[in-house]
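Scroll down for the structure; my scribbles are underneath it.
No value in this document is a laboratory result; all are computed from the given coordinates. Given the structure is predicted, the values throughout are model-derived calculations rather than measurements.
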């Protein structure tokens, strides 16, 4: 019998981090950063990579959103929905822990 794991939900107070099996590595051939996980590789765009780099296990999602809004000169509300959706998708794929 297979047990289902409970889905972790992203909130502004969540403190995301990359699990030990996930790492960001620069590929000099493609001149791009890749996110490596067992038997999977992802090629994030610059903004996705910026979000993932901020998942340090110390910063809350709210702090990540505020930092991105400042860096990209955008409204926090505009950034929040995209960041939360991105982190939720990656959490569901077990690529980010909350």
Q: Note the full-extension length gain between residue 70 and residue 13 as 0.36 nm times their separation in residues minus their Cα-Cα distance, in nm to one decimal.
A: 18.6 nm
Q.
Full-extension gain between residue 43 and residue 92, please, as 0.36 nm times their residue separation minus the C-alpha to C-alpha distance.
A. 15.9 nm
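With the contact rule set at Cα under 8 Å and sequence spacing of 6 or more, what percent relative contact order holds for the chain? The partial results should precede the final answer.
Values: 113 pairs, mean separation 35.8, N = 98.
Here the relative contact order equals 36 percent.
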(Q) Run the numbers for residue 78 and residue 26: contour at 0.36 nm per residue of separation, minus the present Cα-Cα distance, in nm. (A) 15.8 nm
